[in-house]
Every structure is written in C-alpha cells, then in structure tokens.
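Visitor: Got a structure for you, questions after.
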Amino acid sequence: MIIAVDGPAASGKGTIARALAKRYGLPHLDTGLLYRAVAATVLREELDPEKEADAVAACDFPDSLLDDPWLRTDDVGKVASVVSAHPLVRASLLQRQRRFAGQPGGAVLDGRDIGTVIAPDADVKLFVKATPAIRARRRHDELRRNGANVSYDRVLADIRARDERDSRRADAPMRQADDAALLDTSFLSIDAAVQRAVELVEARKAAQA
Ligand code: CDP
Ligand code: CDP
C-alpha cells in the first residue's frame, strides 16, 4: 500500500504521515527534508539558491545531513522553497523518492507533489490543509517551544510567501490530486486528525477490495 500525503506547511501532514506509517507498519519518507538538505547545502557553501546550476550542485548532499536539526529551521525551509522550484533539482530528487515509494509492501510519503508526480498511482492520497492563520499559530508555537524569538506576524508572512511560491511554480506545483481525499485539520486536534486520516485510508481500502 502506497500512501501519499500532501499539503502546505504546518497543515499537519507530517504528523499524519508518521502516524499512518506506524499504524500500518510502513516505512515513511518526509520528502521536504530532501529539499531542505539541498537548501542547507546551498547555504553552507554560500551558493545562490536562485541559480539553478548552484542548486543542482547542492543535490549531491551526504545522507548524514538528513539527521541535522538545522534542516528543520524556518531559514532552511524558506530557501528549500526557492531551490525546489528549479526543474533540475526536482528531477535530481525524483528517482530517490520513486525508489522509496516502490519498496515491497509499500510506503508513506509526505510532501507537495507525492499524489500528483512522485506516486500518481498511490493507493491512498490525502491532501491535508488548514487555514494560514491556524498553520502560522502552530508553527509559531513550535518555534517558541524551541526557544526562537519570532513574531506571529513574521511566521504568518513566511507561510503565505511559501504557499505562494510552492503553488505558483511551473514544475510540480503544490495542488490536490483529482483523486485525493481532502482533510481539513483547522479545527481538529492531532488525535482527531489522525483518526480521520485512518478512516479515509480504511474507506479507500474497502473501496478497492
Ligand atoms: O514541514 P513544512 O511543510 O514546513 O515544509 P517541508 O515539507 O519540509 O518542505 C520544505 C519545502 O520543500 C516546501 O516549502 C517546498 O517548497 C519543498 N517541497 C517540495 O517542493 N516538494 C515536496 N514534495 C516536499 C517539499
Ligand atoms: O508536516 P507539516 O509541516 O504539514 O506539519 P506538522 O509538522 O505535522 O505539524 C505542525 C505543527 O502543528 C506541529 O507542532 C503539530 O504538533 C501541530 N498540529 C496541531 O496542532 N494540530 C493538528 N491537527 C496537527 C498538527
């Protein structure tokens, strides 16, 4: 069973993808981390994220970088959204994601284009959303918990800018696949959102059986 989970920043897709992977005993890939690793390499080597050739050179990062907590910061997330718009960067990360999705037994992948480009034949597709204000509140709470001193307005502006870039790019823009189930987590607790996701997976499985 391949499960594709897409959606914008702080919609709750990562939390849902991890919970589904655990429940169904499947390996999980957070594909955003791959773009974040490219971004971190661009930053560390003082390359220009707007230049496609610079961003492509940064695709050759070591696997060990994926464990670096720095990747999860908002500065890296912002640059990830810039490098991810380059078609050659997306092409360079494509095979790795397809291989992961093609493992015997299946996998859960979360990102922006899993249901549309990486695994268009996925058994289950979820598109997770929540209002920008609620996503900014979640991200702001998260940053505060980690000791960052940043205003809510700043976080909201960053989220809006990233939504805009990710959905407007020409190559593999963020969008709900035609056959994806929509899950709005705006007014759901984590537990309720996960429960809803499980219901949607079970409904798909029943429909396919
Ligand atoms: O966790 P959050 O939703 O904030 O971001 P992420 O999933 O780690 O993704 C960081 C950036 O990588 C996104 O803003 C996208 O620009 C890019 N990305 C993408 O283009 N395609 C994916 N499948 C996953 C991430
Ligand atoms: O992966 P993505 O960026 O879409 O979001 P996430 O990392 O799963 O969730 C972002 C933050 O929102 C985390 O701190 C979650 O605990 C929180 N969250 C929430 O408050 N309510 C939900 N229904 C889902 C996530």
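Visitor: At a 1.4 Å probe, what is the % contribution of carbon and sulfur to the accessible area of the chain?
Guide: The nonpolar share, carbon plus sulfur, comes to 51 percent.
Visitor: Continuing with this model, one more query. Just need the relative contact order of the chain here, percent rounded to a whole number, with Cα pairs under 8 Å and 6+ apart. Please list the in-between numbers first.
Guide: On the way: 327 pairs, mean separation 68.0, N = 209.
With pairs under 8 Å counted, the relative contact order is 33 percent.
Visitor: Below 16 Å, Cα to Cα, which lysines can LYS13 reach? Residues fewer than 8 away in the same chain don't count.
Guide: Partners found: LYS22, LYS125, LYS129.
Visitor: For n ≥ 4 DSSP H runs only, could you compute -39500 (n - 2.57) per run for the chain, divide by its residues and tell me the 222 nm figure to the nearest 500? Let's see the in-between values first.
Guide: Numbers: 8 runs with 106 residues, N = 209.
So the helix-based figure for the chain works out to -16000 deg cm²/dmol.
Visitor: What Kirkwood hydrodynamic radius do you get for segment 1-62 when you take the inverse of the mean 1/r over all pairs of distinct Cα atoms, in Å? Provide the component values of the computation, followed by the final result.
Guide: Numbers: mean 1/r = 0.0748 Å⁻¹.
Evaluated on segment 1-62, it is 13.4 Å.
Visitor: Per residue, how large is the accessible surface of segment 2-194? Use a 1.4 angstrom probe and give square angstrom.
Guide: 48
Visitor: Over all directions, average the projected area of the Cα convex hull of the chain and note it in nm².
Guide: Directional mean of the projected Cα hull area for the chain stands at 11.3 nm².
The values are calculated or read from the model by the stated rules, or taken from the named source; none is laboratory data. Note that the structure is predicted; figures quoted are calculated from it, not measured. The protein model used for the area step is the full one, side chains on, heavy atoms only, and it has no ligands, DNA or RNA in it. Shrake-Rupley method; radii C 1.70, N 1.55, O 1.52, S 1.80 Å.
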